[in-house]
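To keep things clear, I will list the structure first and then write my remarks on it.
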Amino acid sequence: MNPSRWNLRAQSFAVPGASLLVALAATFAAAQVSPPPTPPPAIEPPAAPAVDQHGPTIKETYAKCFLIGMAGDVPGNYSDAEVGLIRENFGAVTPENCMKPAPVHPAEDTWRFERPDALVKWCQDNNLVVHGHALVWHAQTNPWFFEGGDKAVITRRLKDHITTLVGRYKGRIRSWDVVNEAINDRGDADTAKTENLRNSRWLQSLGPEFLGLAFQFAHEADPDAKLYYNDYGIEIGPKHASSMLLLERLIKDGAPIHGVGIQGHWSTATVPFDAMDRAIADYKSLGLKVSISELDVTIRGASGGQFGGRGGFGGRGGPVTPAAPGDLQAQAEAYGDCSRSSPSTRTRSSA
């Protein structure tokens, strides 16, 4: 089977039917009486195209190349059918929210391990790899980390957070997104010559060394875990150049970093295949593995899991229109073509 095309199995995503509400208004003159107009016939939404449910699953198709993963706080809030699909079609799970700083560590002396514990146990019981997400982030991080403004105290809090979380799952979580989205979104020819770090509370409190410290603390807590820097938009343009400078500096400083996660938030018209190939080659030249850590290819509209991103089909909260068969074919081909980008350097692809 040609691995550049995915055979989607056991994943029939039906578009909910939508009824068309037609409001008819009629104005009658005082001296004129006429029958109301005949309403137009109802418009039936297009039927969802048939899905081939035979053949190997996605994870089976790419088993010799890389893991196929999904993001979600399993098994809670998932139906039996949904967890069955996860078991059958995926080989790795990334917790969507439950291991981020605010949910798991809401106060300095408070931890919420119920959902992370359940996720790790469920994955172990079902032979799925866990990729932890995310130890250090500018978002979903409560203010208590930075209270007082003392650099030594904030550094201790950072170390305690990472040591406790990574240490709890030592040997059970294969890899971690240690630092998430530390590079600024806006960039140009000038910022491309710098790391262009986001002006986060971490940068303000600890300076650029917060990244190296985070990798150091994570490695000390679990020396066998593979450690990643994760970001979106780093495959192209000034942000890619800044990412190379950042990674080169971390490696030069001796940070135990093993890979880079590229968040693939694209649409069918904007998948940057050539840029991905070049970016993967660049990261490989630094001795790093590459993970397509998030992969969502929308049919219409902007894409993005990052804050402020707009979903497809006109954006979040906008009107929803069913996808035509041609749209779905283009989307399937885009997903399939993503597998062509240097599969030997990649370790994980999360849908």
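Considering only residues in the stretch 249-303 that are aromatic (Phe, Trp, Tyr) and outside any strand (DSSP E or B), the one that is surrounded by the fewest Cβ atoms within 10 Å (Cβ to Cβ) turns out to be Phe273.
Does at least one position in the stretch 281-293 carry a residue that is aromatic (Phe, Trp, Tyr) and at pLDDT 90 or above? Yes; the residues of the stretch 281-293 include at least one that is aromatic (Phe, Trp, Tyr) and at pLDDT 90 or above. Can you pull out every residue in the stretch 223-248 that is buried (at least 17 other Cβ atoms within 10 Å of the Cβ) and outside any helix (DSSP H, G or I)? Ala225, Lys226, Leu227, Tyr228, Tyr229, Asn230, Asp231, Tyr232, Gly233, Ile234, Glu235 - these are the residues of the stretch 223-248 that are buried (at least 17 other Cβ atoms within 10 Å of the Cβ) and outside any helix (DSSP H, G or I). Considering the stretch 337-350, and only residues there that are small (Gly, Ala, Ser) and surrounded by fewer than 18 Cβ atoms within 10 Å (Cβ to Cβ), the residue that is modelled with the highest pLDDT turns out to be Ser342. In the stretch 74-124, the residue that is farthest from the chain's Cα centre (by Cα) out of those that are over 24 Å from Trp137 (Cα atoms) and hydroxyl-bearing (Ser, Thr, Tyr) is Ser79.
If only residues of the stretch 158-193 that are of a type in the set (Lys, Arg) and in contact (Cβ under 8 Å) with a residue 40 or more places away in the chain are counted, the one that is farthest from Lys226 (Cα to Cα) is Lys193. Is it the case that the stretch 105-124 has a residue that's free of Cβ contacts under 8 Å to residues at least 12 places away in the same chain, in a strand (DSSP E or B) and out of contact with any Phe, Trp or Tyr (no Cβ under 6 Å at 6 or more places or on another chain)? Yes, the stretch 105-124 contains at least one residue that is free of Cβ contacts under 8 Å to residues at least 12 places away in the same chain, in a strand (DSSP E or B) and out of contact with any Phe, Trp or Tyr (no Cβ under 6 Å at 6 or more places or on another chain).
The values are calculated or read from the model by the stated rules, or taken from the named source; none is laboratory data. These figures come from a predicted structure and were not determined experimentally. Backbone-built Cβ (ideal geometry, glycine too); neighbour counts: all protein chains shown.
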